[in-house]
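The values are calculated or read from the model by the stated rules, or taken from the named source; none is laboratory data. Only a predicted model underlies this, so the values are computations on that prediction, with no experimental measurement involved. Positions of Cβ are generated from backbone atoms using ideal geometry, with glycine treated the same way; all protein chains shown enter the neighbour counts.
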């Protein structure tokens, strides 16, 4: 839990009358756990993800940057040693259970704006936000967890994200711990020292493993991952830390991990190979404090059907953290 606290073109359901779940419609059937392996190398392109007619950040944005050839961080071995000290395997934090994963929704440009009240108002982008009354909440309406809400506004191509989110008066207004607005056409970061809906000050939506892109066969962006122990520092594009530790082997927020090119993924099922290929090509950002090696994907939101097959995803739990390495992407900053 935080302190302060393939060319991909995802088709969104037609019509502009109200909010739509992105990538949920039709509950696509993904390849089963035993599906034959396919060559995914040709699917890895420089194309930028597009959702709801919105490009998810410019091609030059860190989320869309191929880091497969980036140099190792000088302390890569130290970070990995510490990050595998207690738990040494990947864990997909999404699946068939409707309370798993982080849901999101796309709304039209005309979506009604509603007032927002934030607990950490000094680090939040003030409202109003285009939140529908039934915006899906991470973990469900009764969740006691992080309760993230992610809303993509079509037309304006703006992303609104909140943490610890609670609708008031049947959604006429909302309260949240913190909130952040990201303009998807821009590479502008949040202010140094500012959080977002994530402890690292990063957006969440661009990092999720999404149903539609896995169905399409390629993920062209970095993912997000959590660790129980982090240090008091961040590397851009992160802008915030959530720790008081000075242990230099704990990962700072924004640290970027890459699955080793030498790790053989040929025996994995198709779903797992798509995800692992993204980890080799785009890697994962340390984005929040949480369970070690948990990485996040799309939740089912208001759709009762799931697009995930747990048997396919479970194979990812066999991947050891020791098969990852840390790449050098910037300097650790300590502004709070």
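Among the residues of the range 234-264, those that are surrounded by 20 or more Cβ atoms within 10 Å (Cβ to Cβ) and closer than 15 Å to residue 284 by Cβ comprise 235, 237, 238, 251, 252, 253, 254, 255, 256, 257, 258, 259.
At least 1 residues being buried (at least 23 other Cβ atoms within 10 Å of the Cβ) and within 16 Å of the chain's Cα centre (by Cα) is the threshold, and among the strands (runs of 3 or more DSSP E) wholly inside the range 123-233 those reaching it are 149-153, 158-163, 178-183, 223-227. Here 101, 119 are screened, and the one residue that is surrounded by fewer than 20 Cβ atoms within 10 Å (Cβ to Cβ), touching a strand residue (DSSP E or B) at 6+ places or on another chain (Cβ under 8 Å), under 22 Å from residue 145 (Cα atoms) and modelled with pLDDT of 95 or more is 119. Annotation note: of 317, 280, the sole residue that is closer than 19 Å to residue 61 by Cα, modelled with pLDDT of 95 or more and outside any loop (DSSP other than H, G, I, E, B) is 280. Of all the numbered requirements in (1) surrounded by fewer than 20 Cβ atoms within 10 Å (Cβ to Cβ); (2) touching a helix residue (DSSP H, G or I) at 6+ places or on another chain (Cβ under 6 Å), residue 271 misses one, and that requirement is (1).
For the range 46-69, what are the residues that are surrounded by fewer than 17 Cβ atoms within 10 Å (Cβ to Cβ) and on the phi > 0 side of the Ramachandran plot? 53 - this is the single residue of the range 46-69 that is surrounded by fewer than 17 Cβ atoms within 10 Å (Cβ to Cβ) and on the phi > 0 side of the Ramachandran plot. In the set (1) within 15 Å of residue 91 (Cα to Cα); (2) assigned to a loop (DSSP other than H, G, I, E, B), residue 272 fails one condition alone, (2).
Per this entry, residue 68 is counted among residues that are at pLDDT 95 or above, touching a strand residue (DSSP E or B) at 6+ places or on another chain (Cβ under 9 Å) and assigned to a loop (DSSP other than H, G, I, E, B). Taking the range 196-224 as the range and being touching a helix residue (DSSP H, G or I) at 6+ places or on another chain (Cβ under 9 Å) and under 19 Å from residue 330 (Cα atoms) as the test, the residues that pass are 201, 202, 203, 221, 222, 223, 224.
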